[in-house]
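Okay, structure first, notes after.
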Number of protein chains: 2
Amino acid sequence: MLRVGVIRVISLKEREEVERHGKLIESFFPELRAISKCIQDQPHGVYDEETEALAALKVPRLAREIENSVDAIIVSCVADPGVAELRREVSVPVVGSGESLASIARALGGKVGVITITDGVPRPLRERLGDPPWKKVAGVCSTLDLKWKKEAVLQAAEHLLKEGCNVIALGCTGFSTIGIAPLIHRELGVVVLDPVVASGSVVYNLLVSKKVWG
Amino acid sequence: MLRVGVIRVISLKEREEVERHGKLIESFFPELRAISKCIQDQPHGVYDEETEALAALKVPRLAREIENSVDAIIVSCVADPGVAELRREVSVPVVGSGESLASIARALGGKVGVITITDGVPRPLRERLGDPPWKKVAGVCSTLDLKWKKEAVLQAAEHLLKEGCNVIALGCTGFSTIGIAPLIHRELGVVVLDPVVASGSVVYNLLVSKKVWG
């Protein structure tokens, strides 16, 4: 069993909402236990450079609160805000959803296309996947809009398939919140990678490494 | 359950030896089933450019034999010989131990050092980890020598720790064969990444993605 701190970069009131990503991780990795926290005063989350920079300042503070009660920390945002800073400050492994998604996409091979909520690909994906093709979901300004836009998400995925992609990476953890991966796979038959599950995979890899050590 | 073809790049006579990496993967990922094959006429495996090029020619041939009875293929060598060629030729995901090891090391963060059996870091690790520090195990010419050199492996790991590394990546699947990761972790208390287990992790990530799709 491994305890993982899950830091949400959106301010949420309901406990159930704060814990949504953690519960998703626990459902696929029953050996992980999630402890979820969210940053304050960002009701729309991270959707541009300014909100990313703000989140990067708040994430380390929140991480220090839980550092001693977890074995690893996930920053549950594809922009990985504060991940580099956190690594210098805390003693447990720090995992960003963006890095995780990129790592798994690369390791699987294939031609990866990214669906985004912003004009452009989040930096961790851009750097690791070498400027991949991308498509913004039409009519979306922040992660909160996604739940009304499932049809537009499917259209973005279809656009990327037509451009020759055979792997779809969901470039915002808001796609995990609305649980859209199964729908895309069912409708379009393509490999779809969910960023929250990807971060769970990376922490699970750490658990497996620990098992290897005996 | 996912069936995974495990291609060994060393010619082995005993079935038990051919299946060693596959069994290691099954032991950590009970939902994976390994089907193991080894290339012919390379009793010392891959240990320089020439033997790597030879293996890269043989791997696709072997892969085509098992392509229709597996859901994914692992090339169980940190040099990833034939992986790029295979991806163009077969319809199932192809996973190289080198890429997998690098992906997991990067996603975990930390300062990675590589223990090698050759003078230099295998290309997949060099490319993805940005010329990491490395140390060759003294007195080793091929993977077969490793089983007599556990003390020298520990010395190589110690050398990397003194250089400031806090993650050890085992840069040859021969380290998996002798099961040295637990010994290094026990003796030096450092994070150690096993390349065969890493490739299993990546295939397991694919299985998890399939579960996500429902």
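Quick rundown of the values:
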{"read-out": "Formal net charge of residues neighbouring B:Ser36 (Cβ-Cβ distance under 9 Å; K, R +1; D, E -1)", "value": "+4"}
{"read-out": "Cβ crowding within 10 Å averaged over residues, with A:86-97, B:10-21, B:70-81 ranked highest first", "value": "B:70-81, A:86-97, B:10-21"}
{"read-out": "Candidate lysines - alpha carbon under 26 Å from A:Lys13, same-chain residues fewer than 8 apart omitted", "value": "A:Lys23, A:Lys37, A:Lys58, A:Lys147, A:Lys149, A:Lys150"}
{"read-out": "In Hz, Karplus ³J(HN,Hα) per residue of segment A:136-143 (6.51, -1.76, 1.60; θ = phi - 60°; x = Gly, Pro)", "value": "7, 5, 4, x, 10, 9, 8, 4"}
{"read-out": "Amide H partners (placed H, <5 Å) of A:Trp134, local residues excluded", "value": "A:Val114"}
{"read-out": "Hull-based mean projected area of segment A:99-195, where the convex hull spans the alpha carbons, in square nanometres", "value": "5.2"}
{"read-out": "Formal net charge of residues neighbouring A:Pro195 (Cβ-Cβ distance under 12 Å; K, R +1; D, E -1)", "value": "-3"}
{"read-out": "Compactness of segment B:1-137 as Cα Rg over 2.2 N^0.38 Å, two decimals", "value": "1.03"}
{"read-out": "From phi via Karplus (6.51, -1.76, 1.60), per-residue ³J(HN,Hα) for segment B:117-128 in Hz, x at Gly/Pro", "value": "10, 10, 7, x, 8, x, 3, x, 6, 4, 5, 8"}
{"read-out": "Extension gain (nm, one decimal) between B:Ser91 and B:Ala53, 0.36 nm per residue minus Cα-Cα", "value": "11.4 nm"}
{"read-out": "Chains B and A, summed buried accessible surface - 1.4 Å probe, Å², nearest 100", "value": "2900"}
{"read-out": "Carbon and sulfur %, accessible surface of the protein assembly as shown computed with the full protein complex present, 1.4 Å", "value": "49"}
{"read-out": "Kirkwood hydrodynamic radius (C-alpha pairs) into Stokes-Einstein, the protein assembly as shown, 20 °C and 1.002 mPa s, D in µm²/s", "value": "99"}
{"read-out": "Under 10 Å, Cβ to Cβ, from B:Trp213 - net charge with Lys/Arg +1 and Asp/Glu -1", "value": "+2"}
{"read-out": "Accessible area (Å², per residue) of segment B:110-214, counting only protein heavy atoms and a probe of 1.4 Å", "value": "38"}
{"read-out": "Estimated inter-spin distance, B:Asn166 and B:Glu14, nm [label 7 Å along Cα→Cβ]", "value": "4.0"}
{"read-out": "Amide hydrogen neighbours beyond the local backbone of B:Ala34, cut-off 5 Å, H modeled", "value": "B:Val4"}
{"read-out": "Under 5 Å, built H, 5+ apart or other chain: amide partners of A:Ile10", "value": "A:Ile39"}
{"read-out": "Helical contribution to [θ] at 222 nm, DSSP H n ≥ 4, -39,500 (n - 2.57), averaged over chain B, rounded to 500", "value": "-14000 deg cm²/dmol"}
{"read-out": "Shielded by partner chains, segment A:189-210 residues - at least 50 Å² of accessible area, 1.4 Å probe, vs chain alone", "value": "A:Asn205, A:Val208"}
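The values are calculated or read from the model by the stated rules, or taken from the named source; none is laboratory data. None of the values given here were measured: they were computed from a predicted structure. With ideal geometry, Cβ positions are generated from the backbone for all residues, glycine too; neighbour counts draw on all protein chains shown. Only protein heavy atoms, including side chains, enter the accessible area calculation; ligands, DNA and RNA are left aside. Shrake-Rupley method; radii C 1.70, N 1.55, O 1.52, S 1.80 Å.
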